[in-house]
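Inspection log for the structure reproduced underneath, given as structure tokens.
No lab work stands behind these numbers, since they all come straight from the coordinates. Everything numeric here is computed off the predicted structure, so don't read it as measured data. Reconstructed Cβ throughout: ideal geometry from the backbone, glycine too, with neighbour counts over all protein chains shown.
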Amino acid sequence: MSSPDTAPGTVPDISPGTPPGTPFGIDDLPVRDELRGKSPYGAPQLDVPVRLNTNENPYPLPEPLVERITERVREAARRLNRYPDRDAVELRTELAAYLTKTGGHAVGVENVWAANGSNEVIQQLLQTFGGPGRTAIGFEPSYSMHGLIARGTGTGWISGPRGEDFTIDRAAAVAAIAEHAPDVVFVTTPNNPTGTAVPAGTVLALYEAAQAARSATGGAMVVVDEAYVEFSHGESLLPLIEGRPRLVVSRTMSKAFGAAGLRLGYLAAHPAVVDAVQLVRLPYHLSAVTQATALAALEHTDTLLGYVEQLKTERDRLVAGLRALGFEVTESDANFVQFGRFDGAAGSHEAWRRILDRGVLVRDNGVPGWLRVTAGTPAENDAFLDAVRELRTPPAAATVPTPPKEQSA
Ligand SMILES: Cc1ncc(COP(=O)(O)O)c(C=O)c1O
């Protein structure tokens, strides 16, 4: 209850000696030092006709799958008085079957672990293998949550180098690993936001360098983030886990399975890694409803992978369309395309705003001179290409207020 001298809606400061009504914010809380001044992850969720900014799959789940989810969830609902299967054995078995069928390497339930989105997989990995006094490296620009989750788990973050063309220069990356001797190495392939894939040879070189740099402390973990691999022209790096117990492949159902709202990510690795992450997972972390829904989606894998093929065609059409309009495009193996160049950070932000003026939301990841567009439906991609065609004409007056600058990928 408010005290009598507190105006409705104001937040009273309970520190002794602070005048009533003094504004109270995040900086007044005893937030951990490494979180001070940082921004939360936040791609804008604006209500515009065409949203191509968060690498989602534009196709809603097909109706027969929606029916199957309903059936499976109804069954699960009858048992909601009980905790779910803590080890998600049925789901992990089906995920292992999917990986075996599509990833070029046979894995079993003992190799697979699942969590609420691959963000939670990454968090569990960092809680297990990072933490205070330890460090992780990623080659930036890359998926910004690797660094944010590192900070959230008290793991020091090292920003490793990437070449002018946004590929990982093997020698420079090996040198960075030798210099910093990180406990965890992130390799995102295809990379977000650039779309670039990393060759197996580079991952192997980084793995060897990481083991050598930390040989005195039992080696380092290498996490290959394959969130977008189903959209790739090339193969999954899943076979690399064979004989490499410190290599983890992380995956998600958010992109290829068109189930971002489901929150289901998973990893494949040596069984010892699966045992290790269970030291930090919360008991019953994966709800019965999540497990039931994911199992239903896996029953419809072939249909969902059919949509992936359409999106790959659309991605290639975006690349060709942008190039025909005179834009530079980074080679993409993902369901999105990085394009530019604009005149530095101000130029890309201005282009972002002009595209938004045309009702199309793309992503300004904070990579100066570049923007990222997710492959949508053919109609959405047409709207995008029309909008960028207009970038070639002189700017009109802004009709949408410019939001604050956001952080990278
Ligand atoms: C490279 C990469 N990894 C992981 C994720 C997280 O995916 P989710 O938590 O939805 O599984 C994303 C999301 O955009 C991503 O781009």
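Give me T217, T196, T301, T189 sorted ascending by neighbouring Cβ count inside 10 Å, so fewest comes first.
With the fewest neighbours first, T217, T196, T301, T189 line up as T217, T301, T196, T189.
Taking 0.36 nm per residue of sequence separation and subtracting the Cα-Cα distance, how much length would be gained by fully extending the chain between V66 and D33, in nm to one decimal? Intermediate values should be presented prior to the final figure.
Values: separation 33, 0.36 × 33 = 11.88 nm, distance 4.50 nm.
Additional length available on full extension: 7.4 nm.
Just to be sure I understand the model, the point goes 7 Å from the Cα along the line to the Cβ. What's the resulting T102 to D316 distance in nm?
1.9 nm
What is the extension gain from Q45 to D169, computed as 0.36 nm multiplied by their sequence separation minus the C-alpha to C-alpha distance, in nm to one decimal? Write out the running numbers ahead of the final one.
Numbers: separation 124, 0.36 × 124 = 44.64 nm, distance 3.43 nm.
Stretched fully, the Q45-D169 segment lengthens by 41.2 nm.
When the chain is modelled as a GNM with alpha-carbon springs shorter than 10 Å, which of G130, G344, G195 fluctuates the most?
Of G130, G344, G195, the most mobile in the Gaussian network model is G344.
How much of the DSSP bridge set in the range 80-299 is antiparallel, in percent, rounded to the nearest 5?
Values: 8 of 24 bridges.
Rounded to the nearest five, the antiparallel share is 35 percent.
Using a simple charge model, +1 on the beta-carbon of Lys and Arg, -1 on the beta-carbon of Asp and Glu, nothing else, what dipole does the range 80-299 show about its Cα centre, in debye to the nearest 20?
Details: 15 positive and 20 negative charges, 89 e Å.
For this selection, approximately 420 debye.
From the square roots a ≥ b ≥ c of the eigenvalues of the alpha-carbon gyration tensor of the range 80-299, which class results: rounded (a/c under 1.5), prolate (a/b over b/c), or oblate?
Values: a/c = 1.75, a/b = 1.45, b/c = 1.20.
Here the range 80-299 falls in the prolate category.
How big is the antiparallel share of DSSP beta bridges in the chain, given as a percent to the nearest 5? Mind showing how you got there, number by number?
Values: 16 of 34 bridges.
Counting only bridges with both partners in the chain, antiparallel ones make up about 45 percent.
For the chain, what is the convex hull (Cα atoms) projected area averaged across all directions, in square nanometres? Numbers along the way, then the final one.
On the way: hull surface 96.4 nm².
So the mean shadow area of the Cα hull is 24.1 nm².
Given a Förster distance of 41 Å, report the FRET efficiency between A212 and L282 from their Cβ-Cβ distance, rounded to the nearest 0.05.
Details: r = 35 Å, r/R0 = 0.85.
The computed FRET efficiency comes out at 0.75.
Enter the per residue convex hull volume of the range 221-373, computed from alpha-carbon coordinates, in Å³ rounded to the nearest integer. Present the calculation step by step, with values, prior to reporting the outcome.
Numbers: hull volume 24.3 nm³, N = 153.
Measuring per residue, one finds 159 Å³ for the Cα hull of the range 221-373.
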